[in-house]
1. Taking Ile133, is it under 25 Å from the mean Cα position of the chain (by Cα), within 26 Å of Lys71 (Cβ to Cβ) and part of a strand (DSSP E or B)?
2. Please pick out the residue among Gly142, Gly129 that is of a type outside the set (Phe, Trp, Tyr) and at positive phi.
3. Please state which of the following conditions Leu149 fails to meet, knowing it meets all the rest: (1) under 20 Å from Phe210 (Cα atoms); (2) touching a residue at least 24 places away in the same chain (Cβ under 8 Å).
4. Hey, can you tell me all the residues within region 72-85 that are surrounded by fewer than 17 Cβ atoms within 10 Å (Cβ to Cβ) and either assigned to a loop (DSSP other than H, G, I, E, B) or charged (D, E, K, R) (or both)?
5. With (1) at pLDDT 95 or above; (2) open to solvent by 80 Å² or more (accessible area, probe 1.4 Å); (3) in contact with a Phe, Trp or Tyr (Cβ under 6 Å, 6 or more places away or on another chain) as the list, and Gly217 as the residue in question, which single condition is left unmet?
6. Considering region 88-113 alone, what residues qualify as being under 19 Å from the mean Cα position of the chain (by Cα) and among the hydrophobic types (A, V, I, L, M, F, W, C)?
7. Going by the conditions given, is Lys164 in contact (Cβ under 8 Å) with a residue 24 or more places away in the chain, within 21 Å of Tyr81 (Cβ to Cβ) and of a type outside the set (A, V, I, L, M)?
Amino acid sequence: MRIYKSLSILLIFLFISCKQNEEKKSLPEKKDNFKISKTENINIEPKTDINILIENFRDFRNAVYQKNKVKVKRFIDFPIYNENNEIWYLENIANEEFLKKLTEKITPFPESEFDKHFDKIFTKLFISGILKIKSEILFNEGEYETIELTEKNTKYKIYANYYKKSNEIVLNLTTVSPIKVNDGENEIIEKSEYNVIYYFKIENGENIKFKQIRIAG
């Protein structure tokens, strides 16, 4: 009788153990689910606060207007890695010998060059134009076009765009100047259009960083 009782107890114990193992297998793995949720939270972009963005844009604009290099440099990470080295091609920044040596490989633009050529990067026309941008309209509607301004014989304006999805600000300084062209017999006046395009990146939803310049025309 004792043997039968022992066998019965053993069978009951085995049945309970098997049942518990089956229930454990059917339960979802909470650890893995937690890891996935944590990873998804890391990839979420910080939410952009438009009011802070407007304030930071105004701070940059004021610093450029005041030609306060120390404040302006807070909006730049040096050196500047400019696509096609175009910042080096701005007027009177580099001599012909230096430009001939430039290749497709990006030549970093250091802080020392920025200090030396501040007025050639943020020109009088750029400063006059950026002061005319209504920042609330730019950041709420995504675009703003300044009035046409005049400097001697040159007409200019800024086309400003704020791209929320890519976190970019693009300021396109467009200038139109008259040039004399000799067609062989007569000298005629034609319009020459030139664009200097300033690219900014918005980091952490609010920090504006000047990244590079592109040239067209």
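The values are calculated or read from the model by the stated rules, or taken from the named source; none is laboratory data. Predicted, not measured: the structure shown is a model, and the values here were computed from it. FYI the Cβ positions are ideal-geometry reconstructions off the backbone, even for glycines, and counts take in every protein chain you see. Quick note on the areas: whole protein, heavy atoms, side chains included, nothing else; ligands and nucleic acids left out. Shrake-Rupley method; radii C 1.70, N 1.55, O 1.52, S 1.80 Å.
1. Working: under 25 Å from the mean Cα position of the chain (by Cα): yes; within 26 Å of Lys71 (Cβ to Cβ): yes; part of a strand (DSSP E or B): no.
Considered against the rule, which asks whether it is under 25 Å from the mean Cα position of the chain (by Cα), within 26 Å of Lys71 (Cβ to Cβ) and part of a strand (DSSP E or B), Ile133 comes out as no.
2. Details: Gly129 fails: at positive phi.
It is Gly142.
3. (1)
4. Lys73, Arg74, Asp77, Phe78, Pro79, Tyr81, Glu83
5. Against the list (1) at pLDDT 95 or above; (2) open to solvent by 80 Å² or more (accessible area, probe 1.4 Å); (3) in contact with a Phe, Trp or Tyr (Cβ under 6 Å, 6 or more places away or on another chain), Gly217 comes up short only on (1).
6. Passing the criteria: Ile106, Phe109.
7. Values: in contact (Cβ under 8 Å) with a residue 24 or more places away in the chain: yes; within 21 Å of Tyr81 (Cβ to Cβ): no; of a type outside the set (A, V, I, L, M): yes.
The answer is no for Lys164.
Every residue, every condition in (1) at pLDDT below 95; (2) in contact with a helix residue (DSSP H, G or I) (Cβ under 7 Å, 6 or more places away or on another chain); (3) farther than 23 Å from Glu203 by Cα, yes or no:
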{"position": "Phe57", "(1), (2), (3)": "no, yes, no"}
{"position": "Phe60", "(1), (2), (3)": "no, yes, no"}
{"position": "Val64", "(1), (2), (3)": "no, yes, no"}
{"position": "Val70", "(1), (2), (3)": "no, no, no"}
{"position": "Phe75", "(1), (2), (3)": "no, yes, no"}
{"position": "Glu83", "(1), (2), (3)": "no, no, no"}
{"position": "Leu90", "(1), (2), (3)": "no, yes, yes"}
